[in-house]
Amino acid sequence: MRISLLIKKHIGTSTFALTCILFLALQLNALAQKADSTQQLEDPLFKPFIERYILDELKTLRESQAELKKETVEKITAAELNSADRAMRYTTDTTNNIFYIITIAASILVVIGWRSLSDIKRRVEQITEDKINKATTDYEKRLTELEIDLKKRTNELMKTQEKLAVTNQIQSIWRRVSIEDKIEEKIHLYDQILELVPNNVEALTYKADGLLDIGEIRWANSLSNQAIEIDPEYYLAYWQRACSNAKLGNKSEALKDLEMSVELSDLTKSELINEPMFDEIKESSKFNKILSRLK
């Protein structure tokens, strides 16, 4: 009797354990399916969030530029009004002083006995006219100088705003490049930068790198030449030209460019060895000589 009870108890325990194992397996399978569905949701939604972020950044930049333009116009207007007010006060004070001087002079002349009142009148009129003409001429001169200075400052401010707008736009494009995975799209973004700044050495060089990746070797070589003409001290342009020359079979030119790139930068030995574009020149003695100088 005890033996049969033990057997039944053992069978019941085994069944319970098996049930627990099946329950855990079902839970794990449900979690895996949930993770897959979450990944499927996150992947399509990731890129719209990035685009929304970029649009928000551009909107903030436009609002900042509009606010800056508004503040600039207000300051220029206030400066013009202040200058005009000072000029009018100067003219009024000068005219009052002239009349005071004339009154004092007339009184002195009457005391000492001028020839006649008509002489005094003519003299006063002449002196007043001369002083007013001088004050008017001086005011016009100062007002003209002020107008020229304001125009100059306004032009400088507008140029600065344009440069700031272009710089902000270029920075926005570079941020898009950093999150873009497709080579063709990156090349399109580099073209947008070059439309804003045709002599942007970095954009030329990175576009050459993208062209090398899609097999446009001669085009990449031409862009590298342009970058070197603009900035002969930019090591990455020599690196890209060395890669394109190596692929085109111009081994001596490739080695010269590679040596120049090493002299202008802190490249390491592993970077040269692991670069597949240099497979055609890795057996060269000059290539090994360049390697020996690196860490």
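The values are calculated or read from the model by the stated rules, or taken from the named source; none is laboratory data. A quick note: this is a predicted structure, and the numbers were derived from the prediction, not measured. Using ideal geometry, Cβ is built from the backbone for each residue, glycine included, and neighbour counts are taken over all protein chains shown. What goes into the accessible areas is simple: the full protein's heavy atoms, side chains included, and nothing from ligands, DNA or RNA. Shrake-Rupley method; radii C 1.70, N 1.55, O 1.52, S 1.80 Å.
Please verify whether residue 178 is assigned to a helix (DSSP H, G or I), open to solvent by 60 Å² or more (accessible area, probe 1.4 Å), among the polar types (S, T, N, Q) and at pLDDT below 90, treating the condition exactly as stated.
Here the answer is yes, as residue 178 does meet what is asked.
Looking for whichever is surrounded by fewer than 14 Cβ atoms within 10 Å (Cβ to Cβ), without any contact (Cβ under 8 Å) to a residue 60 or more places away in the chain and not small (Gly, Ala, Ser) here; the options are 251, 289, 207, 256. Which one fits?
289
Here's the yes/no breakdown for (1) farther than 30 Å from residue 172 by Cα; (2) at pLDDT below 80:
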residue	(1), (2)
61	no, yes
72	no, no
80	yes, yes
83	yes, yes
86	yes, yes
100	yes, yes
109	yes, yes
115	yes, yes
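For region 145-161, give me each residue that is open to solvent by 70 Å² or more (accessible area, probe 1.4 Å) and either modelled with pLDDT under 80 or among the polar types (S, T, N, Q) (or both).
Across region 145-161, the qualifying residues are 155, 160.
Just checking, which of 273, 214 is open to solvent by 50 Å² or more (accessible area, probe 1.4 Å), at pLDDT below 90, over 30 Å from residue 52 (Cα atoms) and hydrophobic (A, V, I, L, M, F, W, C)?
After ruling out the rest, the residue left standing is 273.
If you check 182, 186, which single one turns out to be over 24 Å from residue 166 (Cα atoms) and basic (Lys, Arg)?
Testing whether each residue is over 24 Å from residue 166 (Cα atoms) and basic (Lys, Arg) leaves just 182.
Out of the residues in region 259-270 that are outside any loop (DSSP other than H, G, I, E, B) and open to solvent by less than 40 Å² (accessible area, probe 1.4 Å), state the one that is nearest to residue 294 (Cα to Cα).
It comes out as 262.
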